[in-house]
Amino acid sequence: MQIGEQLYAGKAKSVYATDNADILLMRFRDDTSAFDGEKKASLARKGAVNNQFNAYVMGQLEKAGVPTHFEGLHAANESLVKRMEMIPLECVVRNLAAGSLCRRLGIKEGTELTPPTYELFLKSDALHDPMINESHAATFAWATVAELGRMKELTFKVNDVLKQLFLDAGLLLVDYKLEFGRYRGDVVLGDEISPDGCRIWDARTREKLDKDRFRQDLGNVIEAYEEVARRLGVDLG
Ligand code: UDP
């Protein structure tokens with residue numbers, strides 16, 4: 001596989017063309033950021049850990065019938081993915097209260113959410129990723145009503161699979177963010193699933209093992225990501 005020009009560079013990943021028009025290369029960098037890019041750092045091994053973590057999780061989801069963009073590992077910090085047209089929305093499911101839900105609604109961190117909540121945000125750093133609803137998304141043509149229905153259905157299917165997978169590893173999947181794209185007329189899971197876009201707590205002690213360690217200066221950020229990966233049985237090479 002020949003790697004071509006860089007098409008896009010986000011805050012933590014860069015995307016390259018390949019000699020196959022349907023396939024892109026996604027490089028996971030060590031860069032990390034929080035608070036709309038205001039807090040930045042480079043964390044050694046993060047790119048490789050998140051890439052291999054994502055590969056494992058996407059594989060588990062494919063097995064469970066969730067269509068994903070993942071095609072295969074290319075290097076420790078690189079994967080091949082389907083070229084999709086990304087939908088500019090973030091889908092967030094919460095099993096326990098944390099982060100912006102606590103700030104917005106005054107809910108105590110750690111409160112169990114039954115049933116889990118489902119939220120949509122517009123991807124826009126300039127607007128600070130505002131929360132939106134399905135009506136906004138349809139009116140402004142960010143996604144069709146049919147796509148929104150499928151995104152919600154797939155997001156909850158992901159929750160069923162991952163909640164159990166994590167629980168079996170002694171971990172609580174507190175919340176997470178998913179992004180979807182369009183591929184040959186279908187809605188397909190894209191972006192990444194890693195401790196950068198999920199909140200993951202130790203099931204017994206509720207110790208934070210995700211990006212909150214970076215946001216809140218708790219230290220040992222990558223060590224925590226590696227611990228989560230190890231418990232799930234991810235091959236870190
Ligand atoms: N999240 C993300 N990218 C974003 C916003 C949120 O990956 O731009 C993830 C975040 O890591 C958490 C979940 O989505 O697992 C819910 O985030 P929340 O709305 O609580 O926002 P935060 O407190 O992170 O600002």
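The values are calculated or read from the model by the stated rules, or taken from the named source; none is laboratory data. If you're wondering where the values come from, they're calculated on a predicted model, not measured in any experiment. Reconstructed Cβ throughout: ideal geometry from the backbone, glycine too, with neighbour counts over all protein chains shown. These area figures cover heavy atoms from the full protein model, side chains too; ligands, DNA and RNA do not enter into them. Shrake-Rupley method; radii C 1.70, N 1.55, O 1.52, S 1.80 Å.
Values for this structure:
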read-out	value
Matching entry among Arg230, Arg213 (being in a helix (DSSP H, G or I), free of Cβ contacts under 8 Å to residues at least 24 places away in the same chain and within 16 Å of the ligand (Cβ to nearest atom))	Arg213
Residue check, Leu162 touching a Pro at 6+ places or on another chain (Cβ under 8 Å), open to solvent by less than 60 Å² (accessible area, probe 1.4 Å) and closer than 22 Å to Gln52 by Cα	no
Extreme residue, nearest to Ala98 (Cα to Cα), among residues of region 166-196 that are open to solvent by 30 Å² or more (accessible area, probe 1.4 Å) and more than 16 Å from the ligand (Cβ to nearest atom)	Leu167
Members of region 3-54 found to be within 16 Å of the ligand (Cβ to nearest atom), of a type outside the set (A, V, I, L, M) and in a loop (DSSP other than H, G, I, E, B), listed by number	Gly10, Lys11, Arg29, Phe35, Asp36, Gly37, Glu38
Subset of region 1-16 (residues that are closer than 19 Å to Val188 by Cβ and touching a strand residue (DSSP E or B) at 6+ places or on another chain (Cβ under 8 Å))	Leu7, Tyr8, Lys13, Val15
Matching entry among Ala76, Ala48 (being surrounded by fewer than 18 Cβ atoms within 10 Å (Cβ to Cβ), farther than 28 Å from Trp142 by Cα, out of contact with any Pro (no Cβ under 6 Å at 6 or more places or on another chain) and not β-branched (Val, Ile, Thr))	Ala76
Region 11-45: number of residues that are small (Gly, Ala, Ser) and open to solvent by less than 20 Å² (accessible area, probe 1.4 Å)	5
When residues of region 218-227 are limited to those that are part of a loop (DSSP other than H, G, I, E, B) and more than 15 Å from the ligand (Cβ to nearest atom), the one surrounded by the fewest Cβ atoms within 10 Å (Cβ to Cβ)	Gly219
Of the criteria (1) more than 8 Å from the ligand (Cβ to nearest atom); (2) among the basic types (Lys, Arg); (3) assigned to a strand (DSSP E or B), which one Arg104 fails	(3)
Filter pass, Val174 being hydrophobic (A, V, I, L, M, F, W, C) and in a helix (DSSP H, G or I)	no
Residues located in region 1-14, provided they are more than 16 Å from the chain's Cα centre (by Cα) and either of a type outside the set (S, T, N, Q) or modelled with pLDDT under 95 (or both)	Met1, Ile3, Gly4, Glu5, Leu7, Tyr8, Ala9
Residue in region 126-147 that is open to solvent by less than 80 Å² (accessible area, probe 1.4 Å), in contact with a Lys or Arg (Cβ under 6 Å, 6 or more places away or on another chain) and of a type outside the set (Phe, Trp, Tyr) present	no
Extreme residue, farthest from the ligand (Cβ to nearest atom), among residues of region 197-208 that are open to solvent by less than 20 Å² (accessible area, probe 1.4 Å) and under 15 Å from the mean Cα position of the chain (by Cα)	Ile200
